[in-house]
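J.: Got a structure for you, written out below as structure tokens; questions coming shortly.
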Amino acid sequence: MSKYISIFFLNLFIGIILYFVLGSLLMTGDNAAEEAINTSGFIIIVFLSFLIAQMYYLIHLVKKK
């Protein structure tokens, strides 16, 4: 189980780093809309990282049977 937790955090950190690096290159200015987009983007990254980890778990579960 720790393998899938590490996959989750690896995907999460890579996604966050890429999101903020690319976001800093593409977005300029400080306004409320930009902060809302950053917040929703961060939430999407967390959910997608969780789904990727769950897919790894399901793939390995099916392979064992």
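The values are calculated or read from the model by the stated rules, or taken from the named source; none is laboratory data. Everything quoted here is computed from the prediction, not taken from an experiment. Here the Cβ positions follow ideal geometry from the backbone for every residue, glycine too, while neighbour counts run over all protein chains shown. Accessible surface is based on the protein model in full, side chains and every heavy atom, while ligands, DNA and RNA are left aside. Shrake-Rupley method; radii C 1.70, N 1.55, O 1.52, S 1.80 Å.
J.: Test residue 1 against the criterion of being out of contact with any strand residue (DSSP E or B) (no Cβ under 8 Å at 6 or more places or on another chain), modelled with pLDDT under 80 and open to solvent by 90 Å² or more (accessible area, probe 1.4 Å), and give yes or no. Give the derivation first.
T.: Numbers: out of contact with any strand residue (DSSP E or B) (no Cβ under 8 Å at 6 or more places or on another chain): yes; modelled with pLDDT under 80: yes; open to solvent by 90 Å² or more (accessible area, probe 1.4 Å): yes.
Yes, satisfied.
J.: Further, regarding this structure: Looking at segment 30-44 only, could you name the residues that are surrounded by 10 or more Cβ atoms within 10 Å (Cβ to Cβ) and either over 18 Å from residue 11 (Cα atoms) or at pLDDT below 75 (or both)?
T.: Across segment 30-44, the qualifying residues are 34, 35, 36, 37.
J.: Next question. Any idea which residue in segment 4-29 is least open to solvent (accessible area, probe 1.4 Å), counting only those that are touching a helix residue (DSSP H, G or I) at 6+ places or on another chain (Cβ under 7 Å) and over 13 Å from residue 53 (Cβ atoms)?
T.: Applying the filter and picking the extreme gives 23.
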